[in-house]
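Report on the structure given below.
Since every read-out is calculated from the coordinates, none of them should be taken as a lab result. Bear in mind that the values here come from a model prediction, so they are computed numbers and not experimental data. Please note: Cβ atoms are built from the backbone with ideal geometry, for glycine as well, and neighbour counts cover all protein chains shown.
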Amino acid sequence: MYVEMGDADETAMQGMLDAFVPWVRERLEDGRYLGWIVLDGDMVVAGAGLFLMDFPPHWRDVRPVRAYLLNFYVYPAARRSGLAASLLKAAIAEAKSRGIKVAVLHASDAGRPLYRQNGFEPTNEMMLMMEPGGTG
C-alpha cells in the first residue's frame, strides 16, 4: 500500500515490517487489534484493521478509547468490487457494537471518496515529522 502510494522505499518498508509484526501480534492476542481479510481462493485480495486505541476522555466520547481504522487495502485486480466498502462497514459495525462513538483514520487520496461517502469528515489534525526530511 505505502509503496503503491509512493510513500516508502524497500528499506523503509522492511523496517516497518520488522517493527509491525510483533506490535500487531501483541495487540491481536490481547484484543486491541481486530483484522479482516478477504480471500479469493488461497490469495488475500483485501484487508482492514481496527485498533482500539487508548485515548483520553473527550467531550465527544468520555470513554477512554477510540477506534482507529488502518491497513485498508484492496489488491488492484479486486478493486471496484465493493470489498473496501464491505470492510469499512464491518469495522464501523464492530466499533459501534463496543459503544465507541469516535472512529478516526488517515486516508489515502484514493480512499477519501469511500470514507466521505460513509460519513467521515476531514479534521484539523496536523503532523510534525521529527526525522530527516521533516520540518522538526
For Leu17, put the label point 7 Å out on the Cα→Cβ axis and report which residues of region 64-82 keep their amide N under 18 Å from it. 71-76
If amide H atoms are built 1.01 Å from N in the plane of the peptide, which residues on other chains or at least 5 residues away come under 5 Å of the amide H of Tyr33? Leu28, Leu52
With a/c under 1.5 counting as rounded, go ahead and sort region 32-117 into rounded, prolate or oblate using the C-alpha gyration tensor (a ≥ b ≥ c being the square roots of the eigenvalues; past the cut-off, prolate if a/b is larger than b/c, else oblate). prolate
What list of ³J(HN,Hα) couplings, whole Hz, do you get for region 76-84 from phi and the Karplus terms 6.51, -1.76, 1.60, once you set θ to phi - 60° and write x for glycine and proline? x, 5, 9, 6, 6, 10, x, 5, 4
Determine the calculated [θ] at 222 nm for the chain from helices alone, applying -39500 (n - 2.57) to every DSSP H run no shorter than 4 residues and normalising by the residue count; nearest 500 deg cm²/dmol. -10500 deg cm²/dmol
Once Lys and Arg get +1 and Asp and Glu get -1 on their Cβ, which of His106, Pro76, Gln117 lies farthest toward the positive end of the dipole of the chain? Gln117
With +1 on the Cβ of every Lys and Arg and -1 on the Cβ of every Asp and Glu, and nothing else charged, how large is the dipole of the chain about its Cα centre, in debye rounded to the nearest 20? 840 debye
